1. Inside region A:185-304, counting only helices (runs of 4 or more DSSP H) that do not spill past its ends, which hold 1 or more residues that are under 26 Å from A:LEU128 (Cα atoms), of a type in the set (Asp, Glu) and within 14 Å of chain B (Cβ to nearest Cβ)?
2. Output yes when any residue across region B:211-226 is at pLDDT below 90, within 16 Å of ligand 2 (Cβ to nearest atom), buried (at least 16 other Cβ atoms within 10 Å of the Cβ) and not in a helix (DSSP H, G or I), and no when none is.
3. Which one of B:SER199, B:SER144 is part of a helix (DSSP H, G or I) and within 16 Å of ligand 1 (Cβ to nearest atom)?
4. Checking the conditions here, which among B:ASN124, B:ASN108, B:ASN102, B:ASN96 is open to solvent by 60 Å² or more (accessible area, probe 1.4 Å) and closer than 19 Å to A:VAL197 by Cβ?
5. Tell me, please, whether a residue that is over 28 Å from A:TRP23 (Cα atoms) and within 10 Å of chain B (Cβ to nearest Cβ) can be found in region A:152-164.
6. For B:GLU173, state whether it is assigned to a helix (DSSP H, G or I), touching a Ser or Thr at 6+ places or on another chain (Cβ under 9 Å) and within 16 Å of ligand 2 (Cβ to nearest atom).
7. Can you find a residue in region B:26-33 that is away from ligand 1 (no atom under 12 Å from the Cβ) and of a type outside the set (Gly, Ala, Ser)?
8. Run B:VAL105 past the list (1) within 16 Å of ligand 2 (Cβ to nearest atom); (2) modelled with pLDDT of 95 or more; (3) more than 9 Å from every other protein chain (Cβ to nearest Cβ); (4) out of contact with any Gly (no Cβ under 9 Å at 6 or more places or on another chain) and report the number of the one that doesn't hold.
Amino acid sequence: MKTKIRNGILNLLSLGVLVYFLWWAPGNLDGYKLRIINLIAINAILGLSLNLIYGMTGMFSLGHAGFMAIGAYVSALLILTPEQKVTMWILDPIAPWLLNFHTPFIVSLVLAGLAASFLGWLIALPVLRLGGDYLGIATLGFAEIIRILIVNLTPLTNGSLGLKGIPAHTDLWMSYGCLLVVLLFMIRLMKSNFGNVLRAVRDDEIAAKTMGIDTFQTRVLAFVIGCFGGGVGGALMGNLITTIDPKMFMITQTYSLLMVVVVGGLGSITGSVIGSILVTTLLEWLRFVENPVTIGSFHIPGIPGMRMVIFSVLLIVIIIFRREGIMGTREFSWDWFFPTGAPGEKSETKGVGQ
Amino acid sequence: MKNPEGKAAQNIVLKIKDVTLRFGGLVAVGDLSMNVPEGSITGLIGPNGAGKTTVFNVITGFYKPTKGSVDFMGKPLTGLPPHKVCEAGLSRTFQNIRLFHNETVLENVMIGSYVRQKGRWWQNLLPFVFPAALREEREIRAGSLELLAHLGLAEQADAVSSSLPYGAQRRLEIARALATRPKFLLLDEPAAGMNPQESVELLNFIRKLRDDFDLTILLIEHDMKVVMGVCEYIWVLDRGLLIAEGSPETIRTNPQVIEAYLGKDAPVGDGPVGASPPVQ
Ligand SMILES: Nc1ncnc2c1ncn2[C@@H]1O[C@H](COP(=O)(O)OP(=O)(O)OP(=O)(O)O)[C@@H](O)[C@H]1O
Ligand SMILES: [Mg+2]
């Protein structure tokens, strides 16, 4: 009981620190830094949702960029005003029924998640029956199909011109608020017996079936929940950057998320958060390799896409040398700081805002 | 249909009727009929590759028989997927232990309890709205610990299951099967890898489990001597065919059984490699 109270206090304290930081940051950090801090939360949400699919339930999915795209477009189309829409669609006029569709941001966020879930469900039903490695290929293809549809369905999506002037609804409160909800969801889910069941399906499908678990339905469910996270993450990102176009949702986007999950540790909630911090900052920092540099008399022209090359190499290195990532499947616990906790009182509380 | 001797009055709980299963040209099980009486401990024996595990896989829904039917408590099992078979009240262990090796001993048993859990997954996300679901989770944890204590594994509850010694892993697999609250337990070579004395101890323990949990138990055993002490009735398979059945005494002296066991001079390997790996 004592450790429980202790952990409760520590959780509240770290939540307090987080809230203070979110309140302090906007007035004291420049826009670029704020954007990165926002992106950390969004990538953590996306990483957690991919981790649920891949790390916890063992389904190798390469479709997250596609689900993000669905979320980003659904949200943007729902919050752009009719005037904005009329002026933006230059090539083809916008579909009339879409013109006057308008919802508040939060509603658009939920609908973005639902739309991604629904399409995730449509693809999961046939593909998850096949099982195993087909999912990776199918979801990869699916994400590409989504992208191509967005390019070509001009009356709905404005094609390759993308959507501009999306209201910047994603501020620190919004992104970290969403992250907190997702974290609480994941912690409760994975600590419940259903969390055990997800891991069971991942570890040994035959044994799981023998234990009376409908492994197919369980997989579909985990996949659909993960897609919801993908859609919400995409919507948040669109409302942060305020401009979306199909190029944002290429396979490289999925790779970065895969990196978040693998660096942090497949199956670890804490890991995805740490992974997001590392990968997001590293991705920004690596931008310098794409800029032209002059060292002495040497002039090296910027190579676009170079950071993704470095990134892919890093991913391979991690998979070879430290497959379990930083956390493995472990989770953060306050007990780390209290080496001799009361015996018999195994604390399982996880920190929030870490 | 023959009834096990002296058990004529007992209910038949599992009825296997003319089951044939072919893998391509190979008849893994041919025209097998078995009637398992309620509350009994019975054995399915036979040399390597006789088709014993395949019979289990047919009963538990992993393989669909080419021909024939399996009934459990008067309801057909044939065609049900494995998880429905478990729901119906049959649970099993595997010849090559299949624990959830990344999970703890306690979690393994809790996973077994899931099939009887009434609370839905999303109810546990909102413990204040659905206190009953939270209570049920606690009960499952407590019940699982109790079950572990029953099988002498309470001490290791928080250990990762793959870290257990071999014998304890076998017991954990039984505990996990019991967590699904079965009426019928199928044990595939529970004593494999144990010396004769350990085997006898284990089988006596299995008898106790039958009484404590009101079970019917069908077990596969390789070693004929071990099975004699515990089983009330035995079926003998050889190359997919039933060559004898009866009480241990009649089996022991059956010339065909002796020949099946002694006749094969070279030990048979794992058999031909099929398109899909056999579930063992
Ligand atoms: N999925 C499969 N595909 C092809 N052949 C199979 C398959 N499963 C089992 N067999 C074959 O069926 C026969 C019976 O196998 P089974 O595993 O049931 O034997 P067993 O009696 O359990 O033997 P053991 O004592 O070695 O466990 C073997 O020849 C085996 O190779
Ligand atoms: Mg076998």
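1. A:193-203, A:205-210
2. Kept after step one, since they are at pLDDT below 90, are these residues of region B:211-226: B:221-226.
Narrowing the set further to residues that are within 16 Å of ligand 2 (Cβ to nearest atom) leaves B:221-224, B:226.
Checking the rest, the ones that are also buried (at least 16 other Cβ atoms within 10 Å of the Cβ) come to B:221-222, B:224, B:226.
Imposing the further condition that a residue be not in a helix (DSSP H, G or I) reduces the set to B:221-222.
Yes, region B:211-226 has at least one match.
3. Details: B:SER144 fails: within 16 Å of ligand 1 (Cβ to nearest atom).
So the residue among B:SER199, B:SER144 that is part of a helix (DSSP H, G or I) and within 16 Å of ligand 1 (Cβ to nearest atom) is B:SER199.
4. None of the other options fit; the residue is B:ASN102.
5. No - not one qualifying residue is present in region A:152-164.
6. Yes, satisfied.
7. So far as region B:26-33 goes, yes, one or more of its residues are away from ligand 1 (no atom under 12 Å from the Cβ) and of a type outside the set (Gly, Ala, Ser).
8. (1)
The values are calculated or read from the model by the stated rules, or taken from the named source; none is laboratory data. In this text, all values refer to a predicted model and were calculated from it rather than measured experimentally. FYI the Cβ positions are ideal-geometry reconstructions off the backbone, even for glycines, and counts take in every protein chain you see. Side chains are part of the model used for accessible areas, which takes the heavy atoms of the whole protein and leaves out ligands, DNA and RNA. Shrake-Rupley method; radii C 1.70, N 1.55, O 1.52, S 1.80 Å.
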